[in-house]
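**Student:** Starting off with a structure, shown below.
The values are calculated or read from the model by the stated rules, or taken from the named source; none is laboratory data. If you're wondering where the values come from, they're calculated on a predicted model, not measured in any experiment. Here the Cβ positions follow ideal geometry from the backbone for every residue, glycine too, while neighbour counts run over all protein chains shown.
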Amino acid sequence: MFQYKCLNPISACGTSLFTEEYKQVEELQEADAVLVRSAAMHDMQDVPNLLAVARAGAGVNNIPIADYSDKGIVVFNTPGANANGVKEMVIAGMLLASRDLIGGNKWVEENKEDPNITKAMEKAKKAFAGREIQNKKIGVIGLGAIGVLVANAAHNLNMEVYGYDPFLSVKSAWNLSRAVHHVSSIDEIFENCDFITIHVPLLDSTKNMISAEGIAKMKKDAVILNFARNGLVDEDALVAALENGKLAHYVTDFPTPKVAGVDGVIAFPHLGASTEESEDNCAEMAVEQLMDYLENGNITNSVNYPNTQLGVCQTQGRISILHRNIPNMLTRFTGAFAKDNINITEMSNKTKGDYAYAIFDVDSQITEGSVQHITDIEGVLKVRVIK
């Protein structure tokens, strides 16, 4: 029996996948697994039984990754599950920045009691004139699941698309339209594009990646769209550029006191993935990944441990080991098995940064003594007997 806790409301499309072998609990200290969306977990350190956390979404800034990694707690996210919802918001944001639909709608609301509104609007509408996005240039920074969808959609809208991603995956490359210009320098996007949309995680290396220096290289009246993470754009430089007329608009899903209310800012309350479909997709993926890890020891889409799969165990036993990525660990594990006369039939050992993960299928029963021999090896963080 596995016990799980939901820190936020999670779509029933996901939680309904749990079998009778799973029980929902109220106390975090009792949970083997946690499902979370936006709840802050940094103060949740008293987690003696916790094996895994699944974030129903992409960002994991609300989870103490470093602390949990040291405790052998695997953290999952759901990349791509909400990609279409975010893509549609980007396209909508681009249209709102091109055509003053918000201003026009406000005018109608303000004049709705005017009996001559039909006549008055013919004079008023010139104040809300805009421009079309067809044949304009858009730069997509980050060509992951969302960036690829945005790039392809923009191409289908007859825009000229520039894409920048020095770490473009094979999967993304296959899905990306051949019409996209894959540039090798982010400056090419800054210098050439009318619209610039950013789709990268917030890391030390990406913080304020759109800076005063980058904005200075942009076209006059360029539009920046940020539906990825707050912190990717230097807000001081951004506000200055809007105020002096360098930029036309900043469209963001992350309003802050510094940008909310600034002329030229079109802001939304983090609505990118707020669709029924996105929430359902994220919940399903999060639960499926949790179940596969808890039942089989397989890891898919972890942010702190490597993807590792051995399918469903077909032998007498399976044991998994979360450990530090240091030399000779595999030799020590196999030595411990040999000492206990346990024959390994299949194995996988993967690394990710400072951490590593090993799964061993064996042809005999795994004893408590064998588990202790492995647990005693320096650098081992957690050992689980899967079968």
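**Student:** Kindly indicate whether THR197 is touching a strand residue (DSSP E or B) at 6+ places or on another chain (Cβ under 8 Å), closer than 16 Å to LEU225 by Cβ and among the hydroxyl-bearing types (Ser, Thr, Tyr).
**Tutor:** Considered against the rule, which asks whether it is touching a strand residue (DSSP E or B) at 6+ places or on another chain (Cβ under 8 Å), closer than 16 Å to LEU225 by Cβ and among the hydroxyl-bearing types (Ser, Thr, Tyr), THR197 comes out as yes.
**Student:** List pairs: first in the stretch 227-241 and in the same structural domain as MET209 (by TED's automatic domain parsing) and under 25 Å from ASN62 (Cβ atoms), second of a type in the set (Asp, Glu) and crowded, with 20+ Cβ neighbours inside 10 Å, Cβ under 6 Å, 6+ apart or cross-chain?
**Tutor:** Within 6 Å, the pairs are PHE227/ASP253.
**Student:** For a quick check of your reading of the model, give me the residue pairs whose first member lies in the stretch 32-52 and is not assigned by TED's automatic domain parsing to the domain that holds MET291, whose second is in a strand (DSSP E or B) and surrounded by 13 or more Cβ atoms within 10 Å (Cβ to Cβ), with beta-carbon atoms closer than 6 Å and at least 6 apart or on different chains.
**Tutor:** none
Rundown of residues vs (1) surrounded by 19 or more Cβ atoms within 10 Å (Cβ to Cβ); (2) modelled with pLDDT of 95 or more; (3) basic (Lys, Arg), yes/no style:
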site: ILE117; (1), (2), (3): no, yes, no
site: GLU132; (1), (2), (3): no, yes, no
site: VAL140; (1), (2), (3): yes, yes, no
site: LEU143; (1), (2), (3): yes, yes, no
site: VAL148; (1), (2), (3): yes, yes, no
site: ASN158; (1), (2), (3): no, yes, no
site: ASN175; (1), (2), (3): no, no, no
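Table: residues versus (1) in contact (Cβ under 8 Å) with a residue 12 or more places away in the chain; (2) outside the structural domain of ASN77 (by TED's automatic domain parsing); (3) in contact with a strand residue (DSSP E or B) (Cβ under 7 Å, 6 or more places away or on another chain); (4) outside any helix (DSSP H, G or I).
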site: ALA153; (1), (2), (3), (4): yes, yes, no, no
site: ASN158; (1), (2), (3), (4): yes, yes, no, yes
site: TRP174; (1), (2), (3), (4): no, yes, no, no
site: PRO201; (1), (2), (3), (4): yes, yes, no, yes
site: THR206; (1), (2), (3), (4): yes, yes, no, yes
site: GLY214; (1), (2), (3), (4): yes, yes, no, no
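**Student:** Let me ask another. Got a sec? Which of GLU346, GLU378 is of a type in the set (Asp, Glu), touching a Leu at 6+ places or on another chain (Cβ under 8 Å) and not assigned by TED's automatic domain parsing to the domain that holds SER38?
**Tutor:** The conditions single out GLU346.
Yes/no matrix, rows are residues, columns are (1) under 31 Å from the mean Cα position of the chain (by Cα); (2) small (Gly, Ala, Ser):
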| residue | (1), (2) |
| --- | --- |
| GLY317 | no, yes |
| LEU330 | no, no |
| PHE333 | no, no |
| ASN341 | no, no |
| GLY353 | yes, yes |
| ASP363 | no, no |
| HIS373 | no, no |
| GLY379 | yes, yes |
| ILE386 | yes, no |
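**Student:** Identify all residues within the stretch 42-81 that are touching a Pro at 6+ places or on another chain (Cβ under 6 Å) and among the hydrophobic types (A, V, I, L, M, F, W, C); write none if there are none.
**Tutor:** Selection gives ALA58 alone.
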